[in-house]
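See below for the structure under consideration.
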Amino acid sequence: LAYMAPMTVFSTYGVAAQTTHGMVPAAYIVALLAMLFTAYSYGKMVKAYPVAGSAYTYTQKTISPHLGFLVGWTVLMDYLFLPMINFLLSGIFLSAAFPSVPSWIWIILFIAMITGINILGIRMTAKVNGVLVLFQFLVTVIFVALAVKGITNGMGLGTLFSVLPCYNQDVSFSFVLAGASILCLSFLGFDAVTTLSEETIEPKKTVPRAIFLVTFIGGALFTFVSYITQVVYPDFTSFKVVDSAAFEIAQYIGGALFASLFLAGMITSTIASGMSSHA
C-alpha cells in the first residue's frame, strides 16, 4: 500500500479529470477490474515460483530465459522511473507551497533521506512506511469529511449521490478508457509484493492474498475518494495548475490550514512510495 501510495489518487486527479471529462471514478472502476485479473495472475505465479524476481522470474521459468531477460529490464525501468516520479511530485507540491525555493533543492533532500532510510534495512523501511500510510489515511479521511460537509452545505453538485461521475450520456466512453490508461499508474506497486517472496513467511499463502488485498483496497479507495472529489468540485476546467489541482481543491474545501495538512500528506505519499520502489 505504501508503494501504491493511498494519496496517489490526488497526484493524477487534475489530469485524469480533464481527460475523462469529469468521470474519474468510472475510469478507476475500469482500471481496477483489469488490475484484479492481473493481481490474480500474479498470485498464481507466486504459488508456482515463490522466489524474488517477480515478472522476470515468471517469464524466465515458464517461457524463455531470453524473454525473461527483456522483461527483467522492463521491470527495472519501472523501479527507476517510479522513484523519479515521486521525487518530481514532491518538488511540484512543495514548490506550489514555497515558490521561493527551487524544486531541485527539495528533490535532492528527498533522495538523500530515502536512500539513508533504505540503507538501514527492510525492517526499518517497513516500520517507517507503516506510519506514513496511516498518516495518509488520516489526511484522506479528513479530506473526505470536509468535502462531505461542503457538499451538504451546497458546494459542488450539492448532493452526495449523483450518477454523473460514473455515468454521463454526454461523455463518450472512449474518454473513460483514456483516463483508465492514465490511472493504471495509480496501481503501480501491487506487484512489488512478489519481489519480497524470499523475505516473507509462508509466501505461497501470504503473498497472493496480500497482492489481491492491496489491489482491491487501493482501487476501492481511489474510486471512492475521486467520486467525493468530483462531486464537491465538478468544474474540471477551472484548475489554475492541472498537475496540483488536488491542492487547489483542498484549499477550496478546508482553507489554508487544511491545505498545509494536505500538502504534508502528499509529501508523505511521495516519501512512502519512493522508499518502497527504492527498496
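Checking each residue in region 23-60 for being crowded, with 23+ Cβ neighbours inside 10 Å and within 13 Å of Ser226 (Cα to Cα) picks out Met23, Val24, Pro25, Ala26, Ala27, Tyr28. Suppose we filter Val148, Val171, Val241 for residues that are in contact with an Asp or Glu (Cβ under 8 Å, 6 or more places away or on another chain), touching a residue at least 12 places away in the same chain (Cβ under 8 Å) and surrounded by fewer than 17 Cβ atoms within 10 Å (Cβ to Cβ); which single one remains? Only one candidate qualifies: Val241. Here Ala246 meets the list (1) small (Gly, Ala, Ser); (2) within 17 Å of the chain's Cα centre (by Cα); (3) open to solvent by 10 Å² or more (accessible area, probe 1.4 Å) almost entirely, failing just condition (3).
The listed residues are Pro25, Pro50, and the only one of them that is in contact (Cβ under 8 Å) with a residue 40 or more places away in the chain and not in a helix (DSSP H, G or I) turns out to be Pro50.
Take Ala5 and decide whether it is crowded, with 22+ Cβ neighbours inside 10 Å, part of a helix (DSSP H, G or I), in contact with a helix residue (DSSP H, G or I) (Cβ under 7 Å, 6 or more places away or on another chain) and touching a residue at least 12 places away in the same chain (Cβ under 8 Å).
It is false that Ala5 is crowded, with 22+ Cβ neighbours inside 10 Å, part of a helix (DSSP H, G or I), in contact with a helix residue (DSSP H, G or I) (Cβ under 7 Å, 6 or more places away or on another chain) and touching a residue at least 12 places away in the same chain (Cβ under 8 Å).
Among the residues of region 186-235, those identified as in a loop (DSSP other than H, G, I, E, B) and open to solvent by 10 Å² or more (accessible area, probe 1.4 Å) are Leu188, Thr200, Ile201, Glu202, Tyr233, Pro234, Asp235. Checking region 160-173 against the condition returns no match, with no residue being among the acidic types (Asp, Glu) and under 19 Å from the mean Cα position of the chain (by Cα).
The rows are residues; the columns are (1) in contact with a helix residue (DSSP H, G or I) (Cβ under 6 Å, 6 or more places away or on another chain); (2) under 11 Å from His278 (Cα atoms); (3) open to solvent by 40 Å² or more (accessible area, probe 1.4 Å).
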residue	(1), (2), (3)
Leu82	yes, yes, no
Phe93	yes, no, no
Ser100	no, no, yes
Ile105	no, no, yes
Leu109	no, no, yes
Met113	no, no, yes
Leu120	no, no, yes
Asn129	yes, no, no
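In the set (1) open to solvent by 30 Å² or more (accessible area, probe 1.4 Å); (2) more than 12 Å from the chain's Cα centre (by Cα), Ile182 fails one condition alone, (2).
Against the condition over 19 Å from Ser11 (Cα atoms) and in contact with a Gly (Cβ under 8 Å, 6 or more places away or on another chain), how does Gly72 come out, does it pass? Yes: the conditions hold for Gly72.
Selection of region 86-122 for residues being within 19 Å of Ser260 (Cβ to Cβ), outside any helix (DSSP H, G or I) and among the small types (Gly, Ala, Ser) yields only Ser100.
What about Ala259, is it within 25 Å of Gln18 (Cα to Cα), crowded, with 22+ Cβ neighbours inside 10 Å and small (Gly, Ala, Ser)?
So Ala259 fails the test.
In this structure, Leu177 does satisfy being assigned to a helix (DSSP H, G or I), open to solvent by 40 Å² or more (accessible area, probe 1.4 Å) and touching a residue at least 12 places away in the same chain (Cβ under 8 Å). Restricting Thr140, Thr125 to residues that are over 28 Å from Lys240 (Cβ atoms), open to solvent by less than 60 Å² (accessible area, probe 1.4 Å) and in a helix (DSSP H, G or I) narrows the list to Thr125. Remark: Ala26 matches the filter, which requires a residue to be at pLDDT 90 or above, among the aliphatic types (A, V, I, L, M) and over 16 Å from the mean Cα position of the chain (by Cα). Taken across region 59-79, residues that are within 16 Å of the chain's Cα centre (by Cα) and part of a helix (DSSP H, G or I) do occur, with at least one present.
The values are calculated or read from the model by the stated rules, or taken from the named source; none is laboratory data. Just so we're clear, the structure is a prediction, and the values are computed from it rather than from any experiment. Quick reminder, even Gly has a Cβ in these numbers, built from the backbone with ideal geometry, and neighbours come from all protein chains shown. SASA here: full protein model, heavy atoms, side chains in, ligands and nucleic acids out. Shrake-Rupley method; radii C 1.70, N 1.55, O 1.52, S 1.80 Å.
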